[in-house]
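Asks: A single structure is presented below for examination.
The values are calculated or read from the model by the stated rules, or taken from the named source; none is laboratory data. Worth saying up front: this structure is predicted, and the values here are computed from it rather than measured. Note that we place each Cβ from the backbone using ideal geometry, even for glycine, and neighbour counts take in every protein chain shown. Surface accessibility is based on the protein's heavy atoms, side chains included, excluding ligands, DNA and RNA. Shrake-Rupley method; radii C 1.70, N 1.55, O 1.52, S 1.80 Å.
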Amino acid sequence: MRKINAEAVLEQWIDTYQNLIFSICFQLTKDYFDAQDLSQETFLSAYKNMTSFDGKNERAWLCKIATNKCLDYLKASGRRQIPTEDQYFISCKDSSPALEKDVMERELHQELYDCCMQLKSPYKEVALDYFYYEIPMTDMAAKTGKNLKTLQTQVYRAKAMLKKLYRKEDLWNG
């Protein structure tokens, strides 16, 4: 199969089966991020082994790859765990969720900033002020001298553009 053809087939598989594969991975791992990684690995494996695929029932073939990836991952993670005393986990329990939440919030905040920076003027400035810095529209109107209705329209359009950017990033990440 030619490379261009293979890439087109892979794109079609991702468009068609992305949610199904993610659901399988999530049900087996019970972890959102592991499911995202395993979904990507599934499609990567399918792409690498496309020449051995007989072309029949691609859905079942992709589901089987996803299931096997998850089972391999779960077996390996079981071997990676080191038994320790319960007291250690009890003492760590309080700080890790707050730390994890803080790290995730910073990552999401940075992702929002990066997406805002991809917009063109005036939407970039409006998106940064409204979504990133959380400046109320009345304050934005006073700061910029723009009409409040104009700002509302620009925020509405910037929001739609940001949604498209987030969807595009989800396709590449998930």
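Asks: In nm, to one decimal, how far is the Leu10 label point from the Lys146 one, both placed 7 Å along Cα→Cβ?
Replies: Distance between the two pseudo-spin positions: 4.0 nm.
Asks: Per residue, how much accessible surface does segment 1-69 expose to a 1.4 Å probe? Answer in Å², no decimals.
Replies: Solvent-accessible surface per residue comes out at 64 Å².
Asks: Now, a different point. Beyond 16 Å, how much of the Cα-Cα pair distribution for segment 1-58 remains, as a whole percent? Could you put the intermediate results ahead of the total?
Replies: Details: 726 of 1653 pairs.
Roughly 44 percent, rounded to a whole number.
Asks: Which distance in nm do the two modelled labels at Lys124 and Tyr166 give, with both placed 7 Å along the Cα-to-Cβ direction?
Replies: 2.1
Asks: Listed here are the pairs Lys101/Lys159; Lys48/Lys163; Lys30/Lys64; Lys69/Lys124; which of them are more than 29 Å apart at the Cα?
Replies: Going by Cα-Cα distance, Lys48/Lys163; Lys69/Lys124 fall outside the 29 Å limit.
Asks: Quick one: how many Å² of Asp37 are accessible to a 1.4 Å probe, rounded to 10?
Replies: The value for Asp37 is about 80 Å².
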